[in-house]
Amino acid sequence: MIDIEQNIKTLMKKVAFSAEKAGKSQKDIKIVAVSKTYGVEDIKEALRYGIKIIGENKVQEAEDKFSKIENDFEKHLVGHLQTNKVKKAVRLFDMIQSLDSLKLAHQISKRAKEVGKVTDVLVEVNTSQEQTKFGLKPDEVLDFVKKISNLEGLKIKGLMTIGLFTPDLNKVRPCFKLLKEIFEKIKKEKIPEIEMEYLSMGMTSDYQVAIEQGSNMIRIGTAIFGKRGL
């Protein structure tokens, strides 16, 4: 049986250690517990032991789970968002971490304005250049941010990436280093209406490296909930 309480305690200790190495404290790092394929009771237990943000990959799965949870918590969409799901996503989530196209930005803006809401978003960047991944190319990010900075209904709060899929962390590190460089470059531009606050990078296999490279938001599934079933 998975001990979610103990998993969270262990995670917090490791986050604190990595944060200290990066000159930060544990409280500087936001933990998004990614509950894809895990049940409602698992989410409730994570919330009970200190998790404040729940991330889901799919709108429909999130809608079903969140409707059964009375706790107050922050809701993030961390998976790819199709334009035909934007209306529900805007109503359901506090932050969309996977903005990766002008079309999607305009849809989020439109749907958010319809419900009188401003949706926080992170721009997803494909720092590993893997063809199987979503996200903007690194050299497209600054121009993209400038183009959508004045859109009503959405607020750019930072950047997100998924590291290279490899057990060799020395090959993953450059992905995070690159995103940090893009993040700092955009901050220096001081673009109106843009708040470069979050660098969302790092998952169970590589979050410690991500924190060392500047991440202040990590997306953790397995290290909290255990291995996913088939």
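Here are some residues: GLY214, GLY135. Which one is closer than 26 Å to SER109 by Cβ and either buried (at least 17 other Cβ atoms within 10 Å of the Cβ) or of a type in the set (A, V, I, L, M) (or both)?
GLY135
For the range 107-129, which residues satisfy the criterion of being among the hydroxyl-bearing types (Ser, Thr, Tyr) and touching a Gly at 6+ places or on another chain (Cβ under 6 Å)?
Result: SER109, single match.
Pairs, please: C-beta under 8 Å, at least 6 apart or cross-chain, first residue surrounded by fewer than 19 Cβ atoms within 10 Å (Cβ to Cβ) and in the range 107-123, second of a type in the set (Gly, Ala, Ser) and part of a loop (DSSP other than H, G, I, E, B)?
Here the result reads LYS110/GLY153; LYS113/GLY153; LYS117/GLY153; VAL118/GLY153, each pair linking the range 107-123 to a residue that is of a type in the set (Gly, Ala, Ser) and part of a loop (DSSP other than H, G, I, E, B).
For the range 180-190, give me the residue count where each residue is touching a helix residue (DSSP H, G or I) at 6+ places or on another chain (Cβ under 8 Å) and surrounded by 17 or more Cβ atoms within 10 Å (Cβ to Cβ).
2
If you check LYS58, LYS27, which single one turns out to be under 19 Å from the mean Cα position of the chain (by Cα), within 19 Å of SER215 (Cβ to Cβ) and free of Cβ contacts under 8 Å to residues at least 24 places away in the same chain?
From the options LYS58, LYS27, the qualifying one is LYS27.
Any idea how many residues of the range 1-45 are assigned to a loop (DSSP other than H, G, I, E, B), farther than 21 Å from PHE176 by Cβ and among the hydrophobic types (A, V, I, L, M, F, W, C)?
Count: 2.
Throughout, read-outs are computed from the coordinates displayed, never taken from laboratory work. All figures in this text were calculated on a predicted structure; none of them were measured in a lab. Cβ sites come from the backbone with ideal geometry, for glycine too, and all protein chains shown count toward neighbours.
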